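So the structure is just underneath, and the comments pick up after that.
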Amino acid sequence: MQTPVQNYHQLNNEIQTLCQHQPLLLAVSKTVSIEDMMSLYCEGVRDFGESRPQEIIRKAAEMPSDCRWHLIGQLQKNKIRKILPFLHLIHSVDSEELLMRIESIAAELQLFPKVLFEVNISGEESKSGFTPEQLRCLAPTFSQLHHAQPYGLMTMAPYDADEQQLHAIFGQLRTLRDELQTQHSLKLPELSMGMSNDYRIALAEGSTIVRLGSCLFGERIYNKPI
Ligand SMILES: *Cc1c(COP(=O)(O)O)cnc(C)c1O
């Protein structure tokens, strides 16, 4: 078993050799201890991804103040006001209603949160997110936002997809981003795609943010065995 620090250096080196561009290695730290997070902080890691607003608020109080917190899980509307001041980037805007609510609360709080739109490329019913078509319809309204800042797209691939399907899914997210940028004169620099099991393919397809949990910190244990 390697330590998170050893994993981090190994992944970092691998990512350098895989890509021309400099993607962000987002350390997905849900359920991970402050101690393990601090070990990566000491190696220079500042970007941490969490699924639950509550966990960000708790950890932000214990971690150094220059950490950048990324929300990668579903955001409930009643949590926006409380969590918004903590967030560097929201990866998981999955409905127009949520976007509008973020916009109005950001206006009240005078914040300018960057948001990514979660796209359900594979069309799996269990997944949240916009269909590509829904996002094409929504994009013309982005120019009316004065606080929320559309900043890119995010997707999650099905767990059982094979290599060819993964290339297709990540490639489609990139193509959709390129299309939205040109058709609506938008700047959408970030493509948040790739997790522990598929980050190499995501990087080959132009990912700018890989969200890595288990390959960095080890397998998560949500329910301790008896
Ligand atoms: C947990 C999670 C990850 C990290 O998953 P690993 O397979 O452990 O790397 C990435 N993205 C999202 C949205 C997650 O919820």
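The values are calculated or read from the model by the stated rules, or taken from the named source; none is laboratory data. This is a predicted model, so every value here is computed, not measured. Cβ placement follows ideal geometry from the backbone for every residue including glycine, while neighbour counts extend to all protein chains displayed. SASA here: full protein model, heavy atoms, side chains in, ligands and nucleic acids out. Shrake-Rupley method; radii C 1.70, N 1.55, O 1.52, S 1.80 Å.
Just need a number here: residues in the stretch 37-46 that are part of a helix (DSSP H, G or I) and basic (Lys, Arg).
0
Restricting the stretch 80-94 to residues that are out of contact with any Leu (no Cβ under 8 Å at 6 or more places or on another chain) and within 16 Å of the ligand (Cβ to nearest atom), which is nearest to residue 153 (Cα to Cα)?
94
Kindly check whether there is at least one residue in the stretch 201-216 that is within 10 Å of the ligand (Cβ to nearest atom), hydroxyl-bearing (Ser, Thr, Tyr) and either buried (at least 18 other Cβ atoms within 10 Å of the Cβ) or at pLDDT 95 or above (or both).
Yes, that holds for at least one residue.
Rundown of residues vs (1) modelled with pLDDT of 95 or more; (2) in a helix (DSSP H, G or I); (3) closer than 27 Å to residue 83 by Cα, yes/no style:
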| position | (1), (2), (3) |
| --- | --- |
| 5 | yes, yes, no |
| 8 | yes, yes, no |
| 11 | yes, yes, no |
| 14 | yes, yes, no |
| 17 | no, yes, no |
| 30 | yes, no, yes |
| 35 | yes, yes, yes |
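Go through the stretch 155-175 and give me each residue that's surrounded by 13 or more Cβ atoms within 10 Å (Cβ to Cβ) and assigned to a loop (DSSP other than H, G, I, E, B).
155, 156, 157, 158, 161
With the requirement that a residue be more than 25 Å from residue 68 (Cβ to Cβ) and either out of contact with any Lys or Arg (no Cβ under 8 Å at 6 or more places or on another chain) or at pLDDT below 95 (or both), what does the stretch 83-99 give you?
Of everything in the stretch 83-99, just one residue is more than 25 Å from residue 68 (Cβ to Cβ) and either out of contact with any Lys or Arg (no Cβ under 8 Å at 6 or more places or on another chain) or at pLDDT below 95 (or both), namely 96.
For the stretch 47-56, which positions are touching a helix residue (DSSP H, G or I) at 6+ places or on another chain (Cβ under 9 Å) and either farther than 21 Å from residue 74 by Cα or assigned to a helix (DSSP H, G or I) (or both)?
Residues satisfying the conditions are 53, 54, 56.
Just to be sure I understand, how many residues within the stretch 183-199 are surrounded by 15 or more Cβ atoms within 10 Å (Cβ to Cβ) and either within 20 Å of residue 94 (Cα to Cα) or more than 13 Å from the ligand (Cβ to nearest atom) (or both)?
9
Are any of the residues in the stretch 117-133 more than 19 Å from the chain's Cα centre (by Cα), more than 15 Å from the ligand (Cβ to nearest atom) and either under 23 Å from residue 25 (Cα atoms) or in a helix (DSSP H, G or I) (or both)?
Yes, because at least one residue in the stretch 117-133 is more than 19 Å from the chain's Cα centre (by Cα), more than 15 Å from the ligand (Cβ to nearest atom) and either under 23 Å from residue 25 (Cα atoms) or in a helix (DSSP H, G or I) (or both).
With respect to residue 143, determine if the residue is within 16 Å of the ligand (Cβ to nearest atom) and hydroxyl-bearing (Ser, Thr, Tyr).
no
Return the only residue of 163, 219, 179 being modelled with pLDDT under 95 and either in contact with a Pro (Cβ under 7 Å, 6 or more places away or on another chain) or farther than 18 Å from residue 91 by Cβ (or both).
219
From (1) within 13 Å of the ligand (Cβ to nearest atom); (2) closer than 17 Å to residue 128 by Cα, pick out the condition that doesn't hold for residue 173.
(1)
Checking the conditions here, which among 117, 130 is closer than 14 Å to residue 191 by Cβ, in contact with a helix residue (DSSP H, G or I) (Cβ under 8 Å, 6 or more places away or on another chain) and either open to solvent by less than 70 Å² (accessible area, probe 1.4 Å) or modelled with pLDDT of 95 or more (or both)?
117
Are any of the residues in the stretch 82-89 in contact with an Asp or Glu (Cβ under 9 Å, 6 or more places away or on another chain) and open to solvent by less than 60 Å² (accessible area, probe 1.4 Å)?
Within the stretch 82-89, one or more residues are in contact with an Asp or Glu (Cβ under 9 Å, 6 or more places away or on another chain) and open to solvent by less than 60 Å² (accessible area, probe 1.4 Å).
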